[in-house]
Amino acid sequence: MLPALGAGDLSSNLSDPIIQRSSTRDGMNKEKQLSMILKKIRSFVRSKYNKTPVPGEGSANAKVVFIGEAPGAEEDRTGRPFVGRSGKLLTELIETKLEMQRKDAFITSVLHWRPPNNRKPNKKEIRQSLDFVSEMINVIKPKYIVTLGNTALNTLIDDKLKVSQVHGSVIPVNHKLFFSTFHPAAGIRSPIKKRKLLEEDFEKLRKLLAETE
């Protein structure tokens, strides 16, 4: 298991255009803190890897944070998470199954830049990104953290778990609630079986969120 998520020491007067605004004082404070994290990610990725940063986007007051594996070609081109084919399916699931707008969630990945040759992130890269992910989660304080696929599941919860075994279930870790499901790419590769499971998992998540209202 990778290190537990730790709270970040964050402060900033900056704002970020991809963060959805809140009218509350607490919400504005969270926006500033989250904006600082996104700025740090951009600076780190550009200076360390000379890559396009893809830090994440959405609401600083999101009830759900979605965490995938790493940016793909379209994400690398735009600097935005989940905007390719997988992203279109994720957006559809959020809007039709969770009955919320994409902008009201927060979407990011374990890795915030595209790995060479579109390979899976290695352990060194994940270690470099994990603190950023931890800080975002601790600022947003979502009701549920949704891991999309095995890489996010193994990074944030347990490296021995498989999404095929635990999808659709809630996993408490360090006073945070994780919800595991398949990566949307699996739904595209297997439009009958995996997409159906994804839809069922998102329906379960909708019911869980309704219970927190």
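Readers should treat all values here as calculations from the given coordinates under stated rules, not as data from a laboratory. As the structure is a prediction and not an experimental result, all values here were calculated from the model. Glycine also receives a Cβ, built like all others from the backbone with ideal geometry; neighbour counts cover every protein chain displayed.
In a simple Cβ point-charge model (Lys, Arg +1; Asp, Glu -1; nothing else charged), region 93-213 has a dipole of about 540 debye relative to its Cα centre.
Short version: what are the Cα gyration tensor semi-axes of the chain, square root of 5 times each eigenvalue, largest first, in whole Å?
Ellipsoid half-lengths, sorted descending, are 24, 21, 17 Å.
Sorted on the mean count of surrounding Cβ atoms within 10 Å across their residues, most packed first, peptides 122-131, 30-39 read 30-39, 122-131. Pairwise inverse Cα distances across region 97-213, averaged and inverted, put the Kirkwood hydrodynamic radius at 15.1 Å. Listed by chain and number, the lysines placed with their C-alpha closer than 17 angstrom to that of residue 176 are 63, 141, 143; residues fewer than eight positions away on the same chain are left out.
If you plug the beta carbon distance of residue 211 and residue 119 into 1/(1 + (r/R0)^6) with R0 = 41 Å, you get a FRET efficiency near 0.55.
Ordering 167, 112 from the fewest to the most neighbouring beta carbons within 10 Å gives 167, 112. One decimal place: the segment residue 131-residue 50 gains 27.2 nm when fully extended, by the rule 0.36 nm per residue minus the C-alpha distance. The calculated FRET efficiency for the pair residue 88 and residue 39, based on their C-beta separation and a Förster distance of 45 Å, comes to about 0.95.
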